[in-house]
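The values are calculated or read from the model by the stated rules, or taken from the named source; none is laboratory data. Note that the structure is predicted; figures quoted are calculated from it, not measured. Note that we place each Cβ from the backbone using ideal geometry, even for glycine, and neighbour counts take in every protein chain shown. To get the accessible areas, we keep the full protein, side chains included, count just its heavy atoms, and leave off ligands, DNA and RNA. Shrake-Rupley method; radii C 1.70, N 1.55, O 1.52, S 1.80 Å.
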Amino acid sequence: MNFKGLQPILYAGREVWPLVEGGKGVSATNGISSGAWAAAGGIGTVSAVNADSYDRDGNPIPQVYPQATRKERFAQLVRYAIDGATEQVRRAHEISGGRGAININVLWEMGGAQQVLEGVLENCKGMIHGVTCGAGMPYKLAEIAQHYGVSYLPIISSARAFRALWKRSYSKVPELMAAVVYEDPWLAGGHNGLSNAEDPRRPEDPYPRVKALRETMRAEGVSEDTAIVMAGGVWFLREWNDWIDNPELGKIVFQFGTRPLLTQESPIPQVWKEMLRTVEPGDVLLHKFSPTGFYSSAVKTPFLYDLIHRSERQIPIFKRDEEDGTIPLADHGKAKYFWVHPGDQRKALAWIHEGFTEALKTPDGTVVFVTPESAEQIRADQQGCMGCLSHCQFSSWKDHDDFTTGRLADPRSFCIQKTLQDIAHGGDPDDNLAFAGHAAYRFKQDPFYSNNFTPTVKQLVDRILTGD
């Protein structure tokens, strides 16, 4: 017996369980994991964000960028992205055996998003049932889905964001909008849509936010058959009992992003899986260091702490005579051109004494202090930019027009492509960004994972269907 008589739903003309595998970033959800989720009767999601391609021996092809210019490296990145996602979708389609459904997930703010999405859909006709898309305002999603005859599922974090997308675009293609994914800003892992009107330190209950989303959908005339996918914080279905068959919320589907990371088919390295078993409550941080400019949630690794401390070693700087009471930071080098308040000078001199001798300018009229080694690495990463985002705060890259944001590159951020590729291919989680939902601590508490048990995807889906 399934939890509370949970019933299959009709999705893209297929009968599936109302359980979605969250599509997680660079190579953290691939054809094997999503194909297995679909084979178990759910909706598997292939990440189409710089996915892996393979050589004749089945080894991942390293994504390297020897080209001289950012524009040339960007073109290479788009080729990698289309080839990799195509390979993963084909694998998922084969593994699913015709069961369940296969979605692909893209970030609208990734570099060349539309080009990549169209390339994959063109290569994989008949294999993809839907496209989920967030991290931005993907107005063109409906138009692209209509052209290729697939369903689309916008990812939003508020009723307000949905209304804007609906009025501008989605109302023109309502019949293909299979669901709306509500990604909770305070519970979900990875990038989210927390707005400036919301306080990252004050989590809000998802129920009234999803209720408001359904009310907005009804006011706009959206069909009751259009499900809302609850994404973020979902672990045990029994904890969401009041959401199932609830007329206020309408048709609800549940997305699992963090739990599928710890499965036998999950492509993430063993060292990352082992780290997930050690996460404690409060170890996942909602932060704004991502070069996208969006908030995101990741485990508090030494890599993340370094970003936190880097921004703490920050003072405002001025030009000579720009502000009363300021003095030169130093009497030599470029620091003599940085005019600062005396109190800030004392802080800076203390940091310099500790070895943080390099002052790097930010686009906000401040400088941060880092070690010479960090400064060298930051500059090298900025120069090696391959254009993985449509707009990058870290490198000042833009994927169109004159290919620059026109703003100073921000040393308080980092190369997200580099770190996500590294952690997905065996790099130490301590040295990288480790995205995870805020419920990741439950791996350590849930008896299902005791004695280092790692389930197959089928075992996980079966367990979820019991309510646990």
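For the reader, a short list of remarks on this structure follows.
- Among residues of the stretch 213-251, those that are surrounded by 15 or more Cβ atoms within 10 Å (Cβ to Cβ), of a type in the set (A, V, I, L, M) and part of a helix (DSSP H, G or I), counted: 3
- Some residue of the stretch 328-351 being closer than 30 Å to residue 439 by Cα, among the acidic types (Asp, Glu) and at pLDDT 95 or above: no
- In the stretch 269-305, of all residues being among the acidic types (Asp, Glu) and in contact (Cβ under 8 Å) with a residue 24 or more places away in the chain, the one that is least open to solvent (accessible area, probe 1.4 Å) corresponds to 283.
- Residues located in the stretch 382-393, provided they are under 21 Å from the mean Cα position of the chain (by Cα) and part of a loop (DSSP other than H, G, I, E, B): 385, 386, 387, 388, 390, 392, 393
- Candidates 277, 214, 218 - the one that is closer than 30 Å to residue 52 by Cβ and modelled with pLDDT of 95 or more: 277
- Test set (1) closer than 30 Å to residue 418 by Cβ; (2) of a type outside the set (Gly, Ala, Ser); (3) touching a Pro at 6+ places or on another chain (Cβ under 9 Å); (4) assigned to a helix (DSSP H, G or I) - residue 86 fails condition number: (3)
- Any hit, the stretch 306-325, residues being farther than 21 Å from residue 346 by Cβ, in contact with a His (Cβ under 8 Å, 6 or more places away or on another chain) and open to solvent by less than 60 Å² (accessible area, probe 1.4 Å): yes
- Search result, residues across the stretch 384-416 that are more than 26 Å from residue 356 (Cβ to Cβ), touching a residue at least 24 places away in the same chain (Cβ under 8 Å) and either surrounded by 23 or more Cβ atoms within 10 Å (Cβ to Cβ) or not polar (S, T, N, Q) (or both): 386, 387, 388, 389, 391, 397, 399, 403
- Scanning the stretch 90-122 for residues that are of a type in the set (Val, Ile, Thr), at pLDDT 95 or above and open to solvent by less than 10 Å² (accessible area, probe 1.4 Å) yields 102, 104, 116, 120.
- Residue within the stretch 155-166 that is assigned to a loop (DSSP other than H, G, I, E, B) and within 15 Å of residue 23 (Cβ to Cβ) present: no
- Residue check, residue 63 over 24 Å from residue 297 (Cα atoms), touching a residue at least 12 places away in the same chain (Cβ under 8 Å) and either polar (S, T, N, Q) or assigned to a strand (DSSP E or B) (or both): yes
- Some residue of the stretch 363-378 being on the phi > 0 side of the Ramachandran plot and of a type in the set (S, T, N, Q): no
- Qualifying residue in the stretch 442-459 (condition: of a type in the set (Ser, Thr, Tyr), part of a helix (DSSP H, G or I), open to solvent by less than 60 Å² (accessible area, probe 1.4 Å) and in contact with a helix residue (DSSP H, G or I) (Cβ under 6 Å, 6 or more places away or on another chain)): yes
- Checked against the criteria, residue 353 does not count as surrounded by fewer than 17 Cβ atoms within 10 Å (Cβ to Cβ) and under 30 Å from residue 442 (Cα atoms).
- Some residue of the stretch 64-83 being under 30 Å from residue 10 (Cα atoms) and either of a type in the set (Val, Ile, Thr) or open to solvent by 40 Å² or more (accessible area, probe 1.4 Å) (or both): yes
Yes/no per residue for (1) part of a loop (DSSP other than H, G, I, E, B); (2) touching a Phe, Trp or Tyr at 6+ places or on another chain (Cβ under 9 Å):
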position	(1), (2)
254	no, yes
268	yes, no
271	no, no
274	no, no
279	yes, yes
289	yes, yes
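- If you go through the stretch 369-380 and pick out every residue that is open to solvent by less than 30 Å² (accessible area, probe 1.4 Å), without any contact (Cβ under 8 Å) to a residue 60 or more places away in the chain and either closer than 17 Å to residue 69 by Cβ or touching a Pro at 6+ places or on another chain (Cβ under 9 Å) (or both), you end up with 2.
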